[in-house]
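These notes concern the structure reproduced below.
The values are calculated or read from the model by the stated rules, or taken from the named source; none is laboratory data. Since we're looking at a predicted model, the values are computed, not measured. Counting neighbours? That spans all protein chains shown, and the Cβs are built from the backbone with ideal geometry, glycine included. Surface areas here come from the heavy atoms of the whole protein model, side chains and all, with no ligands, DNA or RNA. Shrake-Rupley method; radii C 1.70, N 1.55, O 1.52, S 1.80 Å.
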Amino acid sequence: MSSAADPSPLSLVIFGASGDLTGHKLIPALFQLFAKHRLPANTRIVGVARSPYSDDQFRDRLAPLAEKSAGKEWNRDGWNTFAQHVFYVSADAAKPGGLAPLQKWLADKEGNGKAHRLYYMAVGPDLYPGIATQLGENGMAGEEHGWRRLVVEKPFGRDLATAKELNRLLHRYFDEDQIYRIDHYLGKETVQNLLVFRFANTIFEPVWNHQFIDHVQITVGETVPVGSRGPYYDRAGVLRDMIQSHLLQVMTLVTMEAPSRFDARALRNEKLKVLESVPVLRVEDAATNVVGGQYEGYLKENGVAADSRTPTWAAVRLHIDNWRWRGVPIYLRSGKGLAKRYTEVIVQFHCPPHMMFPLPADTLLQCNQLGLCIQPDEGIHLNFQTKVPDTEGVVLRPADLQFHYRDAYADVVIPDAYERLLQDAIHGDASLFMRSDGIERAWEIMDPYIAALERPEAPQLQSYPVGSQGPKSADEFIARDGRKWLIRCH
Ligand code: BG6
């Protein structure tokens, strides 16, 4: 659906209007979409929260945040025009009767004609059930007068049972195709490029399997500590916060089969298939496939229990039991408080079956590697051997073939993931959102790993200094398989 094809007005309702996500991500993304003429002409954005702002106070609060996010691209006049489309309604949306002020506002603005609505839950997860219930009970989910879509942020549950419960509740009022579950990693250009790289080229796919690939590493390293998010983070930990969601999603794109069409159903069916091929381990088996760590000083963060055993770093090893991936370990690791911010996928290929040239020690590291660099230096690195010229005898040295977005698309500012996701939700394209079965399967896979670290008999988490590479035990974990952690993107 395009704005030209359907001139009906759009009300974009953001619950949690005074929160960080709205100010730092959603409004800046909507402003960019507006500046690029990608919002339907008749769009009204209405922020909903309990604080008593006027429209102007709300706009004034947002302006500096949008300015900061736009950086050099900031355009004050453009913002002023955009801000005229931004409104505020004070309401306690999760409380029975609490939506009345919003209903009145919508009735005034939309009139009796057809109008579409996108409801965005930019609130804490404890409010999702209440808000969804109020929307449903007040007849605001029905599509008689235009489509109604609900965007649900992460975290979606904290284990399989709670994710199922939340899905059940949402389905009481909304059909599955009205629900857009966000994982913002899927909105990143380089994550989408994984599909293009694999399925719009022919040369990689024939070697994309156990015959040629030794193992795959997916890493999301963050320099930031938990900051002001202690109370949330201490209940979540890195396995829930990052690995169950972002890293598993990236893994599905790296390992799934080619869908027959680029649409939500075909794509999400293939993603689900690969998740279904990951065996769900018993907790005692998961325990030997996971290692956790905690950065020094975490216990002193605001909102963190003094004796917390929440991991801020973890690595897991898993397998995909299908023809393509049989026997190829996939390592997922992520942590906060590290030396470097980087997200990358490394595909380590096997060494040649017979080498007639001398290779230095650490042979596997000398064999082909492909680095898919998700952020911050977006690009692709392909590593291969070369002959060093003019030496006595044959001397080999690995070289890197590099593709960088900053060179290839020098005149394009890579958009924030939320731009793409908001645009897709408005257009009704759910390809980059998670379906209920996919999210439940991701929890089912991850629950035993989480339980393994939370068991009373689990070994103490190893601590690591802020600004390091993570705990030492991480190196031992992968060394037991005869491998090393790799970094290719720099
Ligand atoms: C969020 C996590 O989903 O992703 C945060 O809750 C994390 O803890 C963030 O910092 C990382 O996102 P990005 O886009 O900065 O890599």
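A few comments on the model shown:
- Of the listed requirements (1) under 16 Å from the mean Cα position of the chain (by Cα); (2) open to solvent by 60 Å² or more (accessible area, probe 1.4 Å), Arg435 misses just one: (2).
- Taken together, the residues in the stretch 229-243 that are within 8 Å of the ligand (Cβ to nearest atom) and in contact with a helix residue (DSSP H, G or I) (Cβ under 8 Å, 6 or more places away or on another chain) amount to 2.
- Any chance Gly221 is modelled with pLDDT of 95 or more, within 10 Å of the ligand (Cβ to nearest atom) and farther than 30 Å from Glu296 by Cβ: no
- Remark: Val216 falls outside the filter, which requires a residue to be more than 13 Å from the ligand (Cβ to nearest atom), part of a helix (DSSP H, G or I) and surrounded by fewer than 23 Cβ atoms within 10 Å (Cβ to Cβ).
- In the stretch 367-381, the residues that are without any contact (Cβ under 8 Å) to a residue 12 or more places away in the chain and more than 13 Å from the ligand (Cβ to nearest atom) form no Cβ pair under 8 Å with any partner that is in a loop (DSSP other than H, G, I, E, B) and open to solvent by less than 30 Å² (accessible area, probe 1.4 Å), whether six or more places apart or across chains.
- Residues in the stretch 34-45 that are within 21 Å of Val412 (Cβ to Cβ) and buried (at least 21 other Cβ atoms within 10 Å of the Cβ): Leu39 only.
- Candidates Asp424, Asp400, Asp390, Asp411 - the one that is assigned to a helix (DSSP H, G or I) and away from the ligand (no atom under 16 Å from the Cβ): Asp424
- Verdict on Ile380 being buried (at least 18 other Cβ atoms within 10 Å of the Cβ) and not in a helix (DSSP H, G or I): yes
- Count - residues of the stretch 39-54 that are over 18 Å from Trp147 (Cβ atoms) and of a type outside the set (Ser, Thr, Tyr): 5
- Only one of the listed residues (Tyr173, Tyr185, Tyr120, Tyr128) is closer than 20 Å to Thr43 by Cα, hydroxyl-bearing (Ser, Thr, Tyr) and in contact (Cβ under 8 Å) with a residue 12 or more places away in the chain. That residue is Tyr120.
- Count of residues meeting criterion [under 15 Å from Asp183 (Cβ atoms) and of a type outside the set (Asp, Glu)] in the stretch 393-444: 18
- Any hit, the stretch 180-194, residues being away from the ligand (no atom under 16 Å from the Cβ), of a type outside the set (Ser, Thr, Tyr) and over 21 Å from Leu338 (Cα atoms): no
- Residue check for Trp313: open to solvent by less than 20 Å² (accessible area, probe 1.4 Å), among the aromatic types (Phe, Trp, Tyr) and either within 14 Å of the ligand (Cβ to nearest atom) or within 18 Å of Val283 (Cα to Cα) (or both): yes
- Any pair with Cβ under 6 angstrom, 6 or more apart, that starts in the stretch 409-436 at a residue that is closer than 12 Å to Arg38 by Cβ and ends at one that is at pLDDT below 95 and open to solvent by 60 Å² or more (accessible area, probe 1.4 Å): His427/Met1
- Flag for Asn138 being at pLDDT 95 or above, surrounded by 15 or more Cβ atoms within 10 Å (Cβ to Cβ) and within 21 Å of Ile243 (Cβ to Cβ): no
- Residue in the stretch 141-150 that is charged (D, E, K, R), away from the ligand (no atom under 16 Å from the Cβ) and touching a strand residue (DSSP E or B) at 6+ places or on another chain (Cβ under 6 Å) present: yes
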